[in-house]
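Quick notes on the structure that follows.
The values are calculated or read from the model by the stated rules, or taken from the named source; none is laboratory data. What you see is a predicted model, and the numbers here were worked out from it, not measured in a lab. Methodologically, a virtual Cβ is constructed for each residue, glycine included, from the backbone with ideal geometry; neighbour enumeration extends over all protein chains shown. These area figures cover heavy atoms from the full protein model, side chains too; ligands, DNA and RNA do not enter into them. Shrake-Rupley method; radii C 1.70, N 1.55, O 1.52, S 1.80 Å.
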Amino acid sequence: MLRYIIKRLVNMVPLLIGISFVSFLVIHLAPGSPTSISLFNPKISLEAREKLNKLYGLDKPVHIQYFNWLKDILKFDFGYSLVDGRKVSSKILERLPVTLTINILSLLVIFFTAIPLGLYSGWKKGSFFDRFTTLFVFIGFATPSFWLALLSMQFLGVKLGWFPISGITSIDFEYFPWYKKALDFLWHISLPVLVASFGSLAGLSRYSREKFLEVLDKEYIRAAFAKGLPSSQIIYKHALKPVFLPVITILGLSVPGLLGGSVIFETIFSIPGMGRLFYEGVMMRDYPLIMGLLVIGAFLTLLGNFLADLAYTWADPRIKYSK
């Protein structure tokens, strides 16, 4: 197992390099540059623009720019933002905790809501509850996240006033005691977490339902029922673990979707996270900031898939990574 873990971690390095190379090319193929948009004075002369390009190394060929950037990355130096001159790593570290908190809470909501929902729906196949959850799933699949975010803000935030519709803290947050600060933060991110988890929750509940029905049809489960074993013992001891195999796969694949969705709902809810920072970087053509965020996002995605592979050994003892 240890050899497998080391091998997977080592294999992440060329994958990250490949992802960064493709991302770097795509960014530079996009129209516009940091010196040609409203980042600088629109009346700036052509000579001054050329000096800025030379200062930032934008006058060199793309492959030279990439290798210079890669050399800095290998030293864990993400460079400096072209907008305000701050270190990219500092800007990311300011926003990373917010995005990670929202995404981790979203995964927990998905996991602890979708699986019981799918299992109970499969156990009560054909019932009113099963039909209702089926309808819920189709609505979840068909609802765009940005439209759901706007609808939630209008109904739950503006009309009912249950949740705040922007930011992550109240105006007088700094005067709150520590426990009230925690509650205020959770109150502000509750609506974004619900919006972020809605689509994946619907899909995962359906996957767990179908897998649960498949497991219940196995011969050893039928034999357990024929022996008169309690239903709870059959479900929790024999039928539950096989259900987790596709669930683990879907959860691993949900990580990039949640990180990508952060760009949408963090912008809509004015949340100072990585998603909103990425959007601002793209609008300003801040190449070092964009690349830094893409590398962090790619690493978190690969890490999520790696942890999902390790979780397979818990769900299915037949899976071995020792060789």
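Sort through LEU277, LEU191, LEU245, LEU216 and tell me the only one that's surrounded by 23 or more Cβ atoms within 10 Å (Cβ to Cβ), touching a residue at least 40 places away in the same chain (Cβ under 8 Å) and of a type in the set (A, V, I, L, M, F, W, C).
LEU277
Going through TYR321, TYR287 one at a time, which residue ends up being over 28 Å from ILE189 (Cα atoms) and at pLDDT 80 or above? Even if it seems obvious, please write down each step before you answer.
Details: TYR321 fails: at pLDDT 80 or above.
None of the other options fit; the residue is TYR287.
Only residues that are open to solvent by 80 Å² or more (accessible area, probe 1.4 Å) and either within 30 Å of ARG209 (Cα to Cα) or not in a helix (DSSP H, G or I) (or both): list them for the range 151-186, please.
LEU151, TRP162, ILE171
Could you list, ordered by first residue, the pairs with Cβ atoms under 9 Å in which the first is in the range 304-323 and part of a helix (DSSP H, G or I) and the second is of a type in the set (D, E, K, R) and modelled with pLDDT under 70, at least 6 apart or interchain?
Partner pairs satisfying both residue conditions: THR313/LYS320.
Between a first residue in the range 112-126 that is within 22 Å of THR249 (Cβ to Cβ) and a second residue that is open to solvent by 60 Å² or more (accessible area, probe 1.4 Å) and modelled with pLDDT of 85 or more, which pairs have beta carbons less than 6 Å apart while being 6 or more apart in sequence or on different chains?
none
When only residues in the range 263-280 that are assigned to a loop (DSSP other than H, G, I, E, B) and small (Gly, Ala, Ser) count, which is farthest from LEU151 (Cα to Cα)?
Filtering first and then ranking leaves GLY273.
Restricting to the range 90-105, count the residues that are closer than 17 Å to LEU300 by Cα and open to solvent by less than 30 Å² (accessible area, probe 1.4 Å).
5
List every residue pair whose Cβ atoms lie under 9 Å apart, where the two residues are 6 or more positions apart in sequence or sit on different chains, the first residue falls within the range 56-67 and is closer than 20 Å to SER81 by Cβ and free of Cβ contacts under 8 Å to residues at least 12 places away in the same chain, and the second residue, located anywhere, is open to solvent by less than 70 Å² (accessible area, probe 1.4 Å) and of a type in the set (A, V, I, L, M).
GLY57/ILE64
Is it the case, given these coordinates, that ALA298 is modelled with pLDDT under 80 and open to solvent by less than 40 Å² (accessible area, probe 1.4 Å)?
no
Among the listed residues GLY203, GLY167, GLY199, identify the single one that is among the small types (Gly, Ala, Ser) and more than 28 Å from ALA311 (Cα to Cα).
GLY167
Quick one: in the range 68-78, of everything that is in contact (Cβ under 8 Å) with a residue 40 or more places away in the chain and out of contact with any strand residue (DSSP E or B) (no Cβ under 8 Å at 6 or more places or on another chain), which residue is surrounded by the fewest Cβ atoms within 10 Å (Cβ to Cβ)? Give the steps one after another, and end with the answer.
To start, the set of residues in the range 68-78 that are in contact (Cβ under 8 Å) with a residue 40 or more places away in the chain comprises 69-70, 73, 78.
With out of contact with any strand residue (DSSP E or B) (no Cβ under 8 Å at 6 or more places or on another chain) added as a condition, the list becomes 69-70, 73.
Working: TRP69: 21, LEU70: 14, ILE73: 17.
Looking at the filtered set, the residue picked out is LEU70.
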